[in-house]
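Novice: What follows is a structure written as structure tokens; I'll ask about it next.
Just so you know, all these numbers are worked out from the coordinates, no wet-lab data involved. For clarity, every value in this text was computed on a predicted model and none was experimentally measured. FYI the Cβ positions are ideal-geometry reconstructions off the backbone, even for glycines, and counts take in every protein chain you see.
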Amino acid sequence: MKNGAVHNKEQFLNQIAKSLGRERRTTPVARPQWKHQPQWNVLKNATEDELLDVLGTQCDRIHTRVETTTCLELNNMLTTVIEHFDAKSIVSWDDPRFKEYGINDYYENAGRAGVDVHIWDPSIGEKNIIISERADVGITFADITLAESGTVVLFSDNGKGRSVSLLPTNYIAIIPKSTIVPRMTQATHYIHKMEQENGNVPSCINFISGPSNSADIEMNLVVGVHGPITATYIVVTDR
Amino acid sequence: MPMKIGDVEFFGRVDKGLRNSFMRNAVVSAQERLKGAKLNAAEELGDWEEWRNLSEEIRQHTLENLDYYLEELTENVCKQGGHVFFAQTAEEANEYITRVSKEKKAKKIIKSKSMVTEEISMNDALEALGCEVIESDLGEYILQLDDHDPPSHIVAPALHKNKEQIRETFSEKKGYKKTSKPEELALFAREQLRADFLSADIGITGCNFAVAESGAISLVTNEGNARLSTSLPKTQITVMGMERIVPTWEELDILVSMLCRSAVGQKLTSYITGLIGPKDKGDVDGPEEFHLVILDNGRSNILGTEFQSALHCIRCAACINVCPIYRHIGGHSYGSIYPGPIGAVLSPLLGGYEDYKELPYASSLCAACTEACPVKIPLHDLLVKHRRNIVEEHGKGTFGEKLAMRGFSLAASSPKIFSMGSKSAPTVMSPFIKDGKVKKGPGPIKPWTDIRDFPEPSKQSFREWFKKRDKGGDQ
């Protein structure tokens, strides 16, 4: 990729160094070992089941429905959840896990039953966005899941469009139980390692905790503003 | 809108604030709610003080090495194909942003909430170019429709408006026909803005924290508008104050956790979005072009001074939510887009003592702000430093204050005059007393009695009482 342009850097950074009363820092600055590190103590020795409980409790507080199921029962669970939305259209990531978990079968059945199912397809470009905007339901996997805050972490990729978790009215995240970690600390540590090892990270990383909301009108909480109006997490317990 | 709001002088603004009873009630209930939510969130975490210590340590280290981390950030943004513009002043920033908009032949620009773009009056510059600039944060959208009413809180900008006023604004400006129920109002804004998101040429955002190691910017929101602003338009411009940066993703964790808890008592807001340059090759959504504008605008003058820690601020508004002065006078009284204790510290630094000399005095120095600050900025100490500067270096003590101090030093230097003063108080005040209360006081106590009663001066002075009292007991 062609490097971007930089304007006025030297003068600007020289001014900062001058204000700080020293020469410009030209050799790498070592990040200190922080004296206090309370973040690693949160849910430190929690088991997978305990983390799942914490996730469930937190999701109650953030207006997010949580269902648990097994890989075998996953499609039935999807049917139940999506029936509830009376969905005419679904948009989904193109991610190998959908096939691995057998969700493609669900999509085929839904398609035969008259639901418009669209799998994100980079070859048709912006049409994906138009379809997502009109879709009743958007479905993605969680790449990492944070118990403490009830958060799914999504890494963008060619098949993993940003719009799928954003534009449809209802959002569903499939959460393999093994992706659940205590909190944001473990996720950012993972991303930090990814940066160090690969020299880059995906162009968009989203930490999503429930449906969009706002308290801008008289401090009344309104659930569902610009993003999805509902959020549902389906935890697959044997993955 | 520039940092400075309006031309009314300080006491005029305060007067208006004190008389606005809806606003005052709204502020009180918002403060209670946000303060309570924050305390719960802090308590839940258990070792809040450790988190504060860590946050302070991170901010100190980053600011001490700011030139290094900004350089690292720049390299990494460029490596991804993004452009970086360093702007010394608001004018330079606006000049660059309008240049990009012109090149893109932009007609419609969608914005997510950003204090720094308010600080530089970016909207005015773009509108002068003929662009339509649309605020997408619900609170900002309401204010923009209402003829650019200024924000009164950095997290909840439309705090001073009630839902009936909002309904009227929507109906007058956008033909809204439904009720003043917040759900219906929000749904209407969603529908209106969806069309704008899809057709905007440029998306403009602020930046909560940049991550130097990846050349990333992060956005912390609940509504999803920042995600829309950065997923749909082909060009993204992000404007950041130069101090809003962390070394790595690991420090982002800490500061975002503190920001969400301190601002609204949430563990994390609905959306924390990390964006790294333009979209990857083969991606469909996300910008094709990314511009990062890094702004100084007076900040480097704060570095290396006794006020450096003011730059540690993460804009959570926790200090605002506990401030007894803000509670009474509201956000607009500060005459700056940065209100409350942090505003009283920051506005004179960025905008000068000439415009903001009263703000450091708009504090009872109770230190609730300092205690609330998640990154441990000693706010009330900084206010005292401002006061000292104003008096010592700029000779700008207020006339009333000087007179009062001179009067007191005269009176206190002579027991006779002092006793005469305290004895005469009941007589002097007697015409103003009604039902044992001073209801319409003269001179210096007028501002007080305009809004509340003042107790009648005691008929007996302390010294008299002391002389007359029996030994070892009540009189």
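Novice: Ignoring everything except DSSP H segments at least 4 long, calculate the 222 nm mean residue ellipticity for chain A; use -39,500 (n - 2.57) per segment, divide by total residues, nearest 500.
Specialist: Values: 7 runs with 75 residues, N = 239.
Dividing the helical sum by the residues of chain A leaves -9500 deg cm²/dmol.
Novice: Could I ask something else about it? Taking the alpha-carbon distance from B:Lys446 and a cut-off under 20 Å, which lysines remain once sequence neighbours fewer than 8 residues away in the same chain are dropped?
Specialist: B:Lys16, B:Lys402, B:Lys434, B:Lys437
Novice: Can you tell me the Rg and the Dmax, both Å, for the Cα atoms in the stretch B:175-264?
Specialist: 16.2, 50
Novice: Which aspartates and glutamates, on any chain, are close to A:Lys99 with Cα under 13 Å apart, when same-chain ones fewer than 8 places away are left out?
Specialist: Qualifying aspartates and glutamates at Cα under 13 Å: A:Glu108.
Novice: ³J(HN,Hα) across the stretch B:85-92 via Karplus (A = 6.51, B = -1.76, C = 1.60, θ = phi - 60°), whole Hz, x for Gly/Pro?
Specialist: 10, 8, 10, 6, 10, 4, 4, 4
Novice: Taking +1 at the Cβ of each Lys and Arg and -1 at the Cβ of each Asp and Glu, which of A:Ile103, B:Ala156, A:Ala231 sits farthest along the dipole of the protein assembly as shown towards its positive end, judged by Cα position relative to the Cα centre?
Specialist: B:Ala156
Novice: Once the Cα atoms of helix B:399-413 and of chain B are each reduced to a long axis, what angle between those two axes, in degrees from 0 to 90 to the nearest 10, is obtained?
Specialist: Once rounded, one gets 30 degrees.
Novice: Mean separation of Cα pairs under 8 Å and 6+ residues apart, divided by the residue count of chain B: what relative contact order is that in percent? Intermediate results must be reported in sequence, preceding the final value.
Specialist: Details: 776 pairs, mean separation 94.1, N = 475.
Computed over chain B, the figure is 20 percent.
Novice: Let me ask something else. Mean residue ellipticity at 222 nm from the helices of chain B, using -39,500 (n - 2.57) per DSSP H segment of n ≥ 4 over the full residue count, to the nearest 500 deg cm²/dmol?
Specialist: Numbers: 22 runs with 238 residues, N = 475.
So the helix-based figure for chain B works out to -15000 deg cm²/dmol.
Novice: Tell me, B:Ser458, A:Ser89 in order of fewest to most beta-carbon neighbours within 10 Å?
Specialist: Fewest to most other Cβ atoms nearby, the residues stand as B:Ser458, A:Ser89.
Novice: Would you mind counting up the charge near B:Thr449? Only other residues with Cβ under 14 Å from its Cβ, with Lys and Arg at +1 and Asp and Glu at -1. Could you put the intermediate results ahead of the total?
Specialist: Working: positive: B:Lys434, B:Lys437, B:Lys439, B:Lys440, B:Lys446, B:Arg452; negative: B:Asp15, B:Asp435, B:Asp450, B:Asp453, B:Glu456.
Neighbourhood net charge equals +1.
Novice: Go through B:Lys111/B:Lys161; B:Lys104/B:Lys234; A:Lys2/B:Lys113; A:Lys127/B:Lys279; B:Lys423/B:Lys459; B:Lys35/B:Lys267 and tell me which ones have a Cα-Cα distance over 19 Å in this structure.
Specialist: On the way: B:Lys111/B:Lys161 21 Å; B:Lys104/B:Lys234 9 Å; A:Lys2/B:Lys113 30 Å; A:Lys127/B:Lys279 17 Å; B:Lys423/B:Lys459 8 Å; B:Lys35/B:Lys267 15 Å.
Distance filter (> 19 Å) returns B:Lys111/B:Lys161; A:Lys2/B:Lys113.
Novice: Using the crude model of +1 on Lys and Arg Cβ and -1 on Asp and Glu Cβ, and no other charge, please compute the dipole size for the protein assembly as shown relative to its Cα centre, in debye to 20.
Specialist: Taking the Cα centre of the protein assembly as shown as origin, the dipole is about 3140 debye.
Novice: Something else about it: Normalised by the residues of the stretch A:47-236, what does the relative contact order come to in percent, with Cα pairs under 8 Å and at least six apart?
Specialist: On the way: 358 pairs, mean separation 52.6, N = 190.
Reported relative contact order: 28 percent.
Novice: With axes computed from alpha carbons, what is the tilt in degrees of helix B:182-199 against the longest principal axis of chain B, rounded to the nearest 10 within 0 to 90?
Specialist: 40
Novice: Which value, in debye to the nearest 20, describes the size of the charge dipole of the stretch B:48-295 about its Cα centre when Lys and Arg Cβ atoms bear +1, Asp and Glu Cβ atoms bear -1, and nothing else is charged? Walk me through the intermediate numbers first.
Specialist: Working: 28 positive and 43 negative charges, 242 e Å.
Roughly 1160 debye for the stretch B:48-295.
Novice: For the protein assembly as shown, just give the cysteines left without a disulfide-compatible partner, judged by no other Cys Cβ under 4.7 Å.
Specialist: Cysteines of the protein assembly as shown left without a disulfide-compatible partner: A:Cys59, A:Cys71, A:Cys204, B:Cys78, B:Cys131, B:Cys207, B:Cys260, B:Cys313, B:Cys316, B:Cys323, B:Cys366, B:Cys373.
Novice: What percent does the relative contact order of the stretch A:138-239 come to when contacts are Cα pairs within less than 8 Å and at least six residues apart? Working shown, then result.
Specialist: Working: 193 pairs, mean separation 35.9, N = 102.
Answer for the stretch A:138-239 is 35 percent.
Novice: So how tilted is helix A:103-112 from the main axis of chain A? Cα-based, degrees 0 to 90, rounded to 10.
Specialist: Value to nearest ten degrees: 50.
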